[in-house]
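Single-structure report; data block below.
The values are calculated or read from the model by the stated rules, or taken from the named source; none is laboratory data. None of the values given here were measured: they were computed from a predicted structure. Heads up, the Cβs are rebuilt from the backbone with ideal geometry, glycines too, and the neighbour counts pull from every protein chain shown.
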Amino acid sequence: MFLKELSITSEHKVIRELYFHKGINLIVDESNEGITGNSVGKTTVLKLIDFCLGGNPKHIYQDSENKKQDYKLVKDFLISNKVLITLVLTSDLDDENAENVVIQRNFLARKEIIRRINNEDYTEIEFELKLLSLLFPNQNMSKPSFRQIISHNIRWRDESINNTLKTLDGYTSDAEYETLYLYLLGCEFLKGNAKQEILAKLKQEETYKSRLERNQTKTAYEATLGLINNDIETLNIKKSNLNINENFEADLRNLNQLKYQINKTSLEISRLNIRRELIEETEQELKTTTSNIDIQQLRLIYEQASSQISNLQKTFEDLVEYHNQMIGQKIDFISKELPVIEQEIEHKNSVLKRLLDDEKKLANIIAKSDSFEELEAVIIQLNEKFQRKGEYENIIQLLEEVEGNMKEYNSQLKEIDDELFSDSFEQTVKDQLRKFNKYFAAISNELYGEQYALKYDIVTNSKGQRLYKFNAFNTNLSSGKKQGEISCFDIAYIMFANEEGFPTLHFLLNDKKELMHDNQLVKIADFVNRNNIQFVASILKDKLPEELNKEEYFVAKLSDTDKLFRIENF
């Protein structure tokens, strides 16, 4: 798909229309001498395209350096004037009858929100799924997501401007990057979703384990428990040597045992409540991601779309159904313990009530018995020891359960990894890398006289998990040269995907191209003009190479007196 048109309209007025063409598309400023040309909306053009492809609306009016600060003037303008952004994609810029995808979004909320594709409205989750089905019909897994797949095509954030491969946010795990680049390279691995789910479960168990070990580790609890048992034995010997009647001693022993059982049962109930809350929280989070859609209406939409798009491979019902089934399976897996837990909580509460009643009766009997001060001191100490004994035994039991779960998940992960890191699959990765590097090296050599290449290493992270980790070769490159590496990678991927028959976006969005050397930008412009690739770049006009300072390359010219949204004209 190529960029065809981006329009900005209010309820009664066309604010601005931008028309894109093949090859280099430049967004420049026309500021007067002495004015920098910044803050006129060059980067915002790229953000608006990103917004139409599922980006966060806050990025349009949020201060990039202070996420809590909004540009109030811009935000109020977009909302009060009901500004609508329309992006048109086309499969062929030279064919008026080519397939188009029309995307529309606004900045309003609730019932006034517009999130529309080809005149059909969608929820937030459905919107991204629909884009995925239209632009990447071969991807029917939840990972990588649509936004992850297109991240290297849209480079306006600092992470993507300065990094060739790490184009996602700083919280993205290496496992997610592994899934992303295996997909982009065409290395089909159907258990990628299962691996992500197991890693999520492992993370949940690790969080639970860290809560249990907040004060000390399992081995420390075990060591302390051993000392407590020694102390209880010593205190029992001391108590047995006291001069008390037979009934008193039996009652006292029974009371200690009751206190121990009460404490242990209470802790078991607390543990069950924690587990139930964690499951309910996870279940609720998953339910919010379920997609609800009128399937009958969707069937009519699909029949209409099928008549216009002959190569649809997957129906939107399939994607929504698959998404909901996946969420349902996760919910079933997570929540299947709930009935057992509820029943166990009810049973434990019943047991606790009976124990408390027995304790009360026995305590009243002992209180009426004759005893010595020394005996009372021993009883107090024993009570404390038994309470701590019950607490520590319960924590140790919980930790053993968690460790058992983690062992099982790691076993499942190993089975998946045995396939993922098998000789045959690794050979597939090598073969696909060789095909990609043919383009990466050739393009970088043509443009800069250097050969870049993509490599992988099989690494083991701090948690002992194996991963494919991809990196681009580079050696002490300057900022400008790094920009060249990034552009070569993006261009190479489009050409590689075309040869392999993979669906891909045929446009690249790049911000701050003044960081790139003039000669590099000129060579890139010449290359994309010859190879049917759209390269959309924002750049300060005073930094623009003379060879590119031509009207035929400009898609938008902004200035301090004619900014992108033309707010001053309203």
Restricting attention to the stretch 558-570, and to residues there that are in a strand (DSSP E or B) and touching a strand residue (DSSP E or B) at 6+ places or on another chain (Cβ under 8 Å), which single residue is surrounded by the fewest Cβ atoms within 10 Å (Cβ to Cβ)? Ser559
Condition check: assigned to a strand (DSSP E or B), in contact with a strand residue (DSSP E or B) (Cβ under 7 Å, 6 or more places away or on another chain) and assigned by TED's automatic domain parsing to the domain that holds Leu73. Does Lys469 satisfy that? no
Subset of the stretch 541-557 (residues that are surrounded by 17 or more Cβ atoms within 10 Å (Cβ to Cβ) and either touching a Leu at 6+ places or on another chain (Cβ under 6 Å) or part of a loop (DSSP other than H, G, I, E, B) (or both)): Leu544, Tyr553, Phe554, Val555, Ala556
Can you tell me which of (1) over 25 Å from Val402 (Cβ atoms); (2) modelled with pLDDT of 90 or more; (3) of a type in the set (D, E, K, R); (4) surrounded by fewer than 18 Cβ atoms within 10 Å (Cβ to Cβ) is the one Glu222 doesn't meet? (1)
Can you confirm whether Leu267 is at pLDDT 75 or above, more than 30 Å from Glu128 (Cβ to Cβ) and either touching a helix residue (DSSP H, G or I) at 6+ places or on another chain (Cβ under 7 Å) or outside any helix (DSSP H, G or I) (or both)? yes
So, in the stretch 482-534, exactly how many residues are touching a Phe, Trp or Tyr at 6+ places or on another chain (Cβ under 9 Å), basic (Lys, Arg) and more than 16 Å from Asn25 (Cα to Cα)? 0
Failed item in (1) under 27 Å from Leu382 (Cα atoms); (2) modelled with pLDDT of 75 or more, with Ile274 passing the rest: (1)
Output the number of the condition that Glu178 fails; it satisfies all remaining conditions of (1) among the acidic types (Asp, Glu); (2) surrounded by 16 or more Cβ atoms within 10 Å (Cβ to Cβ); (3) more than 30 Å from Gly484 (Cα to Cα). (3)
Among the residues in the stretch 185-200, are any closer than 20 Å to Ala472 by Cβ and not aliphatic (A, V, I, L, M)? yes
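Listed here are the residues, each with its yes/no results for (1) within 25 Å of the chain's Cα centre (by Cα); (2) not small (Gly, Ala, Ser).
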| residue | (1), (2) |
| --- | --- |
| Lys389 | no, yes |
| Asn394 | no, yes |
| Glu401 | no, yes |
| Tyr409 | yes, yes |
| Gln412 | yes, yes |
| Ser422 | no, no |
| Glu426 | no, yes |
| Asp431 | no, yes |
Considering every residue within the stretch 443-453, establish whether at least one is assigned to a helix (DSSP H, G or I) and without any contact (Cβ under 8 Å) to a residue 40 or more places away in the chain. yes
Need the failing condition index for Phe436 against (1) in contact with a Leu (Cβ under 7 Å, 6 or more places away or on another chain); (2) among the aromatic types (Phe, Trp, Tyr); (3) closer than 15 Å to Lys523 by Cα, just the number. (3)
Condition (residue is modelled with pLDDT of 90 or more, surrounded by fewer than 17 Cβ atoms within 10 Å (Cβ to Cβ) and over 32 Å from the mean Cα position of the chain (by Cα)) applied to the stretch 511-520: is it met by at least one residue? no
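Table: residues versus (1) assigned to a helix (DSSP H, G or I); (2) in contact with a His (Cβ under 8 Å, 6 or more places away or on another chain); (3) of a type in the set (Gly, Ala, Ser); (4) modelled with pLDDT of 90 or more.
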{"position": "Asn364", "(1), (2), (3), (4)": "yes, no, no, no"}
{"position": "Ser369", "(1), (2), (3), (4)": "no, no, yes, no"}
{"position": "Ala377", "(1), (2), (3), (4)": "yes, no, yes, no"}
{"position": "Leu382", "(1), (2), (3), (4)": "yes, no, no, yes"}
{"position": "Lys385", "(1), (2), (3), (4)": "yes, no, no, yes"}
{"position": "Tyr392", "(1), (2), (3), (4)": "yes, no, no, yes"}
{"position": "Leu399", "(1), (2), (3), (4)": "yes, no, no, yes"}
{"position": "Tyr409", "(1), (2), (3), (4)": "yes, no, no, no"}
Leu46 - would you say it is at negative phi, among the hydrophobic types (A, V, I, L, M, F, W, C), modelled with pLDDT of 95 or more and under 27 Å from the mean Cα position of the chain (by Cα)? yes
For the stretch 524-536, give me each residue that is crowded, with 19+ Cβ neighbours inside 10 Å and within 22 Å of Ala442 (Cβ to Cβ). Ile524, Ala525, Phe527, Val528, Ile533, Gln534, Phe535
